[in-house]
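The structure under discussion appears below in the form of structure tokens.
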Amino acid sequence: MFYRENGQFKSSYRADLALFPVAQDRWAMLALAVVCFVIVPLTVSDYTFRAVLVPFLILSLAAIGLNILVGYCGQISLGTGAFMAVGAYAAYNLQVRFDGMPLLVSILGGGVCATVVGVLFGIPSLRIRGLYLAVATLAAQFFIDWFTNRVKWVTHDSPSGSVGVRTLQLLGCELNTPVQKYLLCLGFVLVFGLLAKNLVRGAIGREWMAMRDMDVAAAVIGIRPVYAKLTAFAVSSFIVGVAGALWGFVHLGAWEPAAFGIDKSFQLLFMVIIGGLGSIVGSFFGAAFIVLLPLLLNYVPHWLGLSISTATASHTEHMIFGALIVFFLIVEPHGLARLWSTARQKLRLWPFPH
Amino acid sequence: MRIRKQLAAAALAVASIAVGAPAALAQANEQFIPLLVYRTGQFAPLGIPWADGKQDYLKLVNARDGGVNGVKLVFEECETSYDAAKGVECYERLKGKGTGASGFDTQSTGITFAVTDKAFVDKVSVETAGYGLSQSADGTVFEWNFPLLGTYWTAADVIMQDIAKKEKGDLKGKKIALVYHDSPYGKEPIALLQKRAAAQGFELLLLPVTPPGVEQKSTWLQIRQQKPDYVLFWSAGVMTPAGIREAQATGFPREKIYAIWWAGSDHDVKDIGAGAKGYNAITLHNSAAKDKVHDELKKFVYDKGQGTGAADEIGAIAHTRGMMIAMLQVEAIRAAQEKYGKGKALTSEQVRWGFENLNLTADRLKALGFGEIMRPVKTSCSNHMGDDWARIVQWDGSKWETKSDWYQSDKSYIAPLVKEFAEKYAKDKNLKTRSCS
């Protein structure tokens with residue numbers, strides 16, 4: 001009923017290929033954009049911006065990047081943390097070594113460097129697949145961990161190996177308030193989200209998916225594996241690199257190599273698996289699940305007025321979180337995105353199911 | 001797929017958090033103290049007594065004196081697991097509570113780095129007694145940071161002084177190894193040690209241990225091959241007992257190991273017992289001592305069943321250190337009240353003034369019950385560290401024995417380094433420095 005499509009005719013190819021073919025979806029998206037760009041900045045507290053929304057947006061972006069590689073192209077990667085690190089450190093170096101480097105250029109430059117590294121570590125994917133590739137990308141993680149920890153110029157000779165960024169400046173004005181930082185991240189997520197969505201709908205996205213479903217068959221029908229796999233690595237690590245730069249610049253402000261450790265890689269992989277492999281919206285669901293749920297669980301004892309010790313609370317939080325992951329994977333192995341599309345399908349028929 | 005769903009989900013979750021977040025309910029005569037702690041994870045052995053010490057002291061002040069000039073101290077713990085991102089979340093959550101957070105003791109070098117930048121903007125002080133950025137002792141650049149009582153540079157300097165004393169002042173041709181946790185925490189002393197090595201002619205071996213440091217076989221094998229005369233041990237949490245066990249296994253004399261204060265508490269050596277006999281550690285001022293404050297803590301808090309940890313923890317070095325850190329914070333609040341009004345709850349910015357104008361004389365420390373534990377400390381606009389003092393203690397198999405007299409770091413090594421690195425920090429970050437004259 002909510003999705004009554006009667007009377008919505010597609011009279012051109014353009015309309016048929018639209019991102020949101022159903023009018024209700026278009027209106028909902030518009031409303032969502034208004035909420036995100038206007039209502040949220042006016043109403044939400046600083047804490048929510050800095051501790052909830054900004055990390056959620058940045059990790060969603062990283063999850064979109066990883067989803068292109070794992071979900072669309074079928075190349076399992078455990079090196080996401082490393083590609084984020086490359087993005088962050090490259091952006092830092094661009095900023096600190098060149099005076100007056102614009103913020104956008106350094107962040108995108110971080111993405112470009114991550115692309116190069118990503119393609120380099122993507123080369124083994126031409127010969128190995130599946131779990132073996134996952135192990136090979138693990139090499140990227142360990143190498144970059146070592147590299148950022150040991151090579152001094154990466155951290156601009158910082159004696160302790162940790163780096164910090166300057167006050168962020170965009171087009172001459174300083175980004176100090178949480179709202180500005182949120183809007184910056186939102187802008188990046190919007191642009192890259194649309195870009196990714198359109199890429200996976202296009203020719204190249206179909207090549208990736210063909211490669212994922214069966215690479216021999218894809219090669220037989222004329223898809224070049226080298227091109228398809230390496231472009232997936234390139235696009236994925238570019239987005240992940242930009243997310244890494246944002247994580248360092250906007251969220252942390254100063255960081256040590258541990259911020260992009262293997263934990264981050266696993267966290268992101270869980271995000272795309274729980275959110276839904278091969279789904280852009282699933283990346284957001286996954287990020288929300290991993291970022292917001294622990295916070296919510298953390299607040300539960302406060303709301304209930306329980307005074308349990310910090311350690312007990314933290315352990316319980318981990319246990320419940322783990323149990324929920326298992327629960328969701330059993331209930332819907334295809335991720336939260338599938339749950340959503342099932343719900344949507346039901347909404348189309350409601351209240352008159354056949 | 002529809003991006004809008006994601007956004008709806010996000011908005012929903014956000015709304016629930018925003019609505020549900022407990023509002024700052026503190027009344028006007030309550031001073032809020034945020035407690036960032038880690039009671040889980042690889043550093044938990046160190047974090048637990050530290051967190052207990054901090055909380056115990058605040059409870060003591062409330063129970064014994066009814067707060068600071070009648071202003072009750074309220075506090076809330078937030079678990080960071082030593083993770084920078086979680087630490088930032090905790091910081092954001094607690095910074096605005098009550099009349100404003102009265103300074104963050106982050107308990108972690110990584111979290112300190114991450115919140116230092118934010119503290120400049122939010123105007124909240126960061127209190128890092130015995131850790132953090134060594135150059136933040138320079139108050140002209142680091143307006144909001146207070147590495148009170150000592151930094152990793154002063155610690156390394158004092159350890160080298162003690163070694164030099166054992167070697168009758170001549171370190172030429174000696175080999176000193178630094179076995180360190182491979183993180184900013186472990187790397188901090190390197191700059192100072194390199195400087196001393198160049199000046200005194202000893203050879204410095206740098207041996208990083210990958211966190212969490214439960215696997216150190218190769219490191220100690222290297223030590224067996226290279227035979228350093230002394231080992232400086234910059235470790236924390238689970239890495240410490242693992243390292244001592246390896247030293248025992250490779251037969252490196254424990255008397256030749258000097259540990260930083262975070263690796264020198266009872267929990268680090270107790271289980272190894274006699275195997276750790278001879279293991280040296282440096283203390284923050286004289287944190288191995290027992291004094292009136294311990295008796296009072298027992299009387300006012302533990303005997304009433306209000307203690308945070310187990311009663312046998314009282315007097316452990318790590319626990320005492322936690323109390324010292326809480327005491328400095330409380331005294332900063334007291335000092336600030338002198339200026340901004342006795343018996344009033346203060347803002348974060350006002351408490352910063354207190355940190356900067358601490359003046360703990362010997363009499364004052366004695367009255368507080370810290371007379372044996374600390375020497376006088378005085379901070380100023382340019383000196384945010386106050387006075388660093390330290391002693392060397394040694395584990396005799398069942399308890400710590402204080403082995404050395406009081407040491408103070410050699411400012412001819414420290415001061416230029418602080419200046420140089422603080423200037424570099426200001427330049428890298430385009431910071432404006434303030435004038436203290």
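The values are calculated or read from the model by the stated rules, or taken from the named source; none is laboratory data. The shown structure was predicted, so the numbers you read here are calculated from the model rather than taken from an experiment. Here the Cβ is made from the backbone with ideal geometry for all residues, glycine too, and neighbour counts use every protein chain on show.
Assorted remarks:
- With respect to (1) in contact with a helix residue (DSSP H, G or I) (Cβ under 7 Å, 6 or more places away or on another chain); (2) in contact (Cβ under 8 Å) with a residue 12 or more places away in the chain, the lone exception for A:Ala258 is condition (2).
Residue-wise test of (1) modelled with pLDDT of 95 or more; (2) outside any strand (DSSP E or B); (3) under 25 Å from B:Ala289 (Cα atoms); (4) touching a Leu at 6+ places or on another chain (Cβ under 6 Å).
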| residue | (1), (2), (3), (4) |
| --- | --- |
| B:Glu349 | no, yes, no, no |
| B:Ala367 | no, yes, yes, no |
| B:Gly371 | no, yes, yes, yes |
| B:Ser398 | no, yes, yes, no |
| B:Ser404 | no, yes, yes, no |
| B:Val418 | no, yes, no, no |
| B:Ala422 | no, yes, no, no |
| B:Lys427 | no, yes, no, no |
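- Residues within the stretch A:81-107 that are in a helix (DSSP H, G or I) and either farther than 27 Å from A:Pro225 by Cα or at pLDDT below 90 (or both), tallied: 16
Per-residue answers, yes or no, for (1) in contact (Cβ under 8 Å) with a residue 12 or more places away in the chain; (2) under 20 Å from the mean Cα position of the chain (by Cα); (3) assigned by TED's automatic domain parsing to the domain that holds B:His319; (4) surrounded by fewer than 24 Cβ atoms within 10 Å (Cβ to Cβ):
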position	(1), (2), (3), (4)
B:Pro208	yes, no, no, yes
B:Ser218	no, no, no, yes
B:Lys227	yes, no, no, yes
B:Arg245	yes, no, no, yes
B:Gly251	yes, no, no, yes
B:Ile260	yes, yes, no, no
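- Single match in A:Gln95, A:Gln141 (criterion: more than 18 Å from A:Leu246 (Cα to Cα) and not charged (D, E, K, R)): A:Gln141
- Helices (runs of 4 or more DSSP H) enclosed by the stretch A:210-295 - at least 1 residues per element that are away from chain B (no Cβ under 14 Å) and over 30 Å from B:Glu92 (Cβ atoms): A:215-220, A:225-246
- Of residues in the stretch A:8-46 being among the small types (Gly, Ala, Ser) and part of a loop (DSSP other than H, G, I, E, B), the one nearest to the other protein chains (Cβ to nearest Cβ): A:Ser45
- Residue in the stretch A:302-317 that is outside any helix (DSSP H, G or I), among the aliphatic types (A, V, I, L, M) and touching a His at 6+ places or on another chain (Cβ under 8 Å) present: no
- Restricting attention to the stretch A:330-347, the residues that are loosely packed, with under 14 Cβ neighbours inside 10 Å and assigned to a helix (DSSP H, G or I) add up to 7.
- Members of the stretch A:295-345 found to be within 21 Å of the chain's Cα centre (by Cα) and more than 21 Å from A:Gly276 (Cα to Cα), listed by number: A:Leu295, A:Leu296
- Of the criteria (1) closer than 30 Å to A:Trp350 by Cβ; (2) assigned to a loop (DSSP other than H, G, I, E, B); (3) touching a residue at least 24 places away in the same chain (Cβ under 8 Å), which one A:Ser77 fails: (1)
- Taken over the stretch B:349-399, residues that are surrounded by fewer than 22 Cβ atoms within 10 Å (Cβ to Cβ) and aromatic (Phe, Trp, Tyr) amount to 2.
- Any chance A:Leu61 is free of Cβ contacts under 8 Å to residues at least 24 places away in the same chain and in a helix (DSSP H, G or I): no
- Test set (1) buried (at least 21 other Cβ atoms within 10 Å of the Cβ); (2) closer than 30 Å to B:Pro184 by Cβ; (3) within 24 Å of the chain's Cα centre (by Cα) - A:Ser160 fails condition number: (3)
- Hey, B:Lys118 basic (Lys, Arg), without any contact (Cβ under 8 Å) to a residue 60 or more places away in the chain and within 14 Å of chain A (Cβ to nearest Cβ) or not: yes
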